[in-house]
1. If you go through the stretch 235-261, how many residues are modelled with pLDDT of 95 or more, assigned to a helix (DSSP H, G or I) and more than 17 Å from S196 (Cβ to Cβ)?
2. State whether one or more residues within the stretch 37-50 are at pLDDT 95 or above, surrounded by fewer than 16 Cβ atoms within 10 Å (Cβ to Cβ) and either closer than 30 Å to L120 by Cα or touching a Lys or Arg at 6+ places or on another chain (Cβ under 6 Å) (or both).
3. Does at least one position in the stretch 115-126 carry a residue that is buried (at least 17 other Cβ atoms within 10 Å of the Cβ) and over 28 Å from L234 (Cβ atoms)?
4. Collect the residues in the stretch 128-155 that are modelled with pLDDT of 95 or more and among the β-branched types (V, I, T), keeping them in residue-number order.
5. Under 9 Å by Cβ, and 6 or more places apart or on different chains, what pairs join a residue from the stretch 244-258 that is under 15 Å from I204 (Cα atoms) with one that is part of a helix (DSSP H, G or I) and among the hydroxyl-bearing types (S, T, Y)?
6. Between a first residue in the stretch 170-195 that is within 26 Å of Y119 (Cα to Cα) and touching a residue at least 60 places away in the same chain (Cβ under 8 Å) and a second residue that is among the polar types (S, T, N, Q) and buried (at least 20 other Cβ atoms within 10 Å of the Cβ), which pairs have beta carbons less than 9 Å apart while being 6 or more apart in sequence or on different chains?
7. Regarding the stretch 156-179, can at least one residue be identified that is at pLDDT 95 or above, within 13 Å of A68 (Cα to Cα) and charged (D, E, K, R)?
8. For the stretch 237-263, give me the residue count where each residue is at negative phi, loosely packed, with under 13 Cβ neighbours inside 10 Å and more than 20 Å from the chain's Cα centre (by Cα).
Amino acid sequence: MRFCFLAFIIFATQSISTALSTVKLEEPGWNPFVKKRLIEIIEAKKGQKLPVVFDFDNTLVCRDIGEATFAVMIRDGLLTAENLPQGTTPISVASGDLMAVYQTYLESSNHHVLDKAPYLNAYAWLVQIMAGLTPQQIVEKTSLAYQNGKAEHDMRHPESWTHIEKTPVPYFYPEMVELLGELLKADYDVWIISASNVWSVRWIVTQVLNKKLQERGVSNGIKPQQIIGISALLHGPKELLYKDPFLAIENTQYANLSAAVLS
């Protein structure tokens, strides 16, 4: 009897704590058990500035912003089989279909049983073949790839998905936007780490996600310096080379996507 009574007290305390929590997850897509645990975890550690790290593609958004941007670059002729930097494509591009090359590259190393991340070479290739472009060109194509959130229609109409060059256009999961908002309100330190190119992810987070968070009452969104993605070395003034994470810290105009700097 005593054990059962104590168990009841613990259960009752947990229920009251959740009921009185200031953390609210109200989007309809939450699994009830996951929702309850998330509220408890966020509430227990709020105000401590603890780091929280999220993947981006197919985690915060449905689909992949890097692939969608790649599709726009192909559609607009910015990337063609003829203008790829020499030596960057280990698979034949004789067909001229760069999307087909990418799909082949994704599957090329699956034969290694020990390889737990067979797609990473293909993700790096998507950045490597952009050699010669400017970050400004990349963010401009990212904006076109997002299509002003047009693909949010697909949440309710999966039979008519929004595509660019047969590549589905990404949209934000409302539950994930809500979760990020509650974490930021609770003073957690939110980071995003992605296998897409960093400029596309930084654009869609700072220009789209942060505005969605603001609409949910979040005054400070995710900092551009806390968005990490795949990047190449950048040529800068005096022929110096720069790495994106350090440049984002040192140059706030670059981090905030100033067109003059990114160009």
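The values are calculated or read from the model by the stated rules, or taken from the named source; none is laboratory data. The shown structure was predicted, so the numbers you read here are calculated from the model rather than taken from an experiment. Using ideal geometry, Cβ is built from the backbone for each residue, glycine included, and neighbour counts are taken over all protein chains shown.
1. Total meeting the criteria: 11.
2. Yes, the stretch 37-50 has at least one match.
3. Checked the stretch 115-126: no residue is buried (at least 17 other Cβ atoms within 10 Å of the Cβ) and over 28 Å from L234 (Cβ atoms).
4. Correct list: T134, I138, V139, T142.
5. A255/T206; N256/T206; L257/T206; S258/T252
6. Every condition considered, the pairs that remain are S194/S200.
7. Scanning the stretch 156-179 turns up no residue that is at pLDDT 95 or above, within 13 Å of A68 (Cα to Cα) and charged (D, E, K, R).
8. Count: 9.
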